[in-house]
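Engineer: Would you mind keeping the following structure in view while I ask a few things?
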Amino acid sequence: MKFIIGLGNPGAEYKGTKHNIGFAIVEALAKENGIKIKEKYHFSFVGRGRIDGEDVSLVLPRTFMNLSGNAVGELVGRNTKNLEDILVVCDDINLDFGRIRLKKQGSSGGHKGLESIIHTLKRDDFARLKVGIATETHKGDITGYVLSPFKRRLLRNVAHVIGLAQEAISSMLTDGIDTAMNRYNKRKVGAS
């Protein structure tokens, strides 16, 4: 069983914000594969099914972003000790909009959701798919930026980025993470 965990903030007021692109990608995967994410499981909503021949659980934490570790820790503690079965999908303000970066492990890079997961698991050796949301240079407090929606002119490209992320996840499931990293880490959707 593979666990694909989309990070974001629960609640209608956060839907469509840059910080919730992890939720949007996992929801798109669910829709494309006929998986309903509605089972309440401790601190998450979960949907189980198959993607590309693999048994998967699609997970949307019900905690706020900064407490994502509570949901992921509970999930890992009760379902798997093998962190190779986990993929966390999240936004990354340090990546240009349109870029995705699949990694096997690493630091949080300042992302509070990843930081919470690393703190809870006391490990950073889990895969993550980071999705670039930077459309401009930022200094200081980024809260307002990440909690705002994408500009209207970018919405078509947002849909393409979500599609590219879905392709990368599918590639990871069928061909392994190394192949998926080589195939998708250099691609970019234009930000016209």
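Engineer: Quick check of the Kirkwood formula: for the chain, what is the inverse mean of 1/r over all pairs of different Cα atoms, in Å?
Structural biologist: Across the chain, the inverse of the average 1/r is 16.3 Å.
Engineer: Under 5 Å between amide hydrogens, which residues at least 5 positions from V89 or on another chain qualify, with H placed 1.01 Å from N in the peptide plane?
Structural biologist: Under 5 Å from the amide H of V89 lie the amide H atoms of I5, G6, L7, L129, each far enough along the sequence or on another chain.
Engineer: Follow-up. How big is the charge dipole of the chain about its Cα centre, in debye rounded to the nearest 20, if each Lys and Arg gets +1 on its Cβ and each Asp and Glu gets -1 on its Cβ?
Structural biologist: For the chain, the charge dipole is close to 380 debye.
Engineer: Might you report the magnitude of the Cβ-based charge dipole of the stretch 62-141 about its Cα centre, with Lys and Arg at +1 and Asp and Glu at -1, to the nearest 20 debye?
Structural biologist: 200 debye
Engineer: Let me ask you something else. Given H placed on each backbone N at 1.01 Å, which residues far from R99 in sequence or on other chains put an amide H within less than 5 Å of it?
Structural biologist: Correct list: G132, V189.
Engineer: Hey, with R₀ at 30 Å, roughly what FRET efficiency would R62 and K104 work out to, going by the Cβ-Cβ distance, to 0.05?
Structural biologist: 0.65
Engineer: Among A159, A30, L129, which residue has its Cα furthest toward the positive end of the charge dipole of the chain, with +1 on Lys/Arg Cβ and -1 on Asp/Glu Cβ?
Structural biologist: My answer, from the dipole projection, is A159.
Engineer: Same structure again: Output the antiparallel fraction of DSSP beta bridges having both residues in the stretch 2-184, as a percent to the nearest 5.
Structural biologist: The antiparallel proportion sits near 50 percent.
Engineer: Right, here's the next one. Given the Cα-Cα distance of K81 and R156 and 0.36 nm per residue of separation, how much length would full extension add, in nm?
Structural biologist: Length gained, K81 through R156: 23.1 nm.
Engineer: A follow-up question, please. Between D141 and E39, 0.36 nm times their residue separation minus their Cα-Cα distance comes to what?
Structural biologist: 33.2 nm
Engineer: A follow-up question, please. Using θ = phi - 60° and the Karplus curve 6.51 cos²θ - 1.76 cosθ + 1.60, what whole-Hz ³J(HN,Hα) does each residue of the stretch 64-80 get, with Gly and Pro shown as x?
Structural biologist: Couplings: 6, 3, 5, 10, 4, x, 4, 5, 5, x, 5, 4, 5, x, 9, 10, 7 Hz.
Engineer: Trypsin sites (Lys or Arg not before Pro) within the stretch 1-110: which are DSSP loop residues with at most 14 other Cβ atoms inside 10 Å? Don't skip to the end; give the middle numbers.
Structural biologist: Details: sites: K2, K15, K18, K31, K36, K38, K40, R48, R50, R62, R78, K81, R99, R101, K103, K104; in loops: K15, K36, K38, R62, K81, K104.
Answer in residue order: K15, K36, K38, K81, K104.
Read the figures in this text as sums done on the coordinates, not as results from a lab. These numbers come from a predicted model, not from an experiment. Virtual Cβ from ideal backbone geometry, glycine too; neighbours counted across all protein chains shown.
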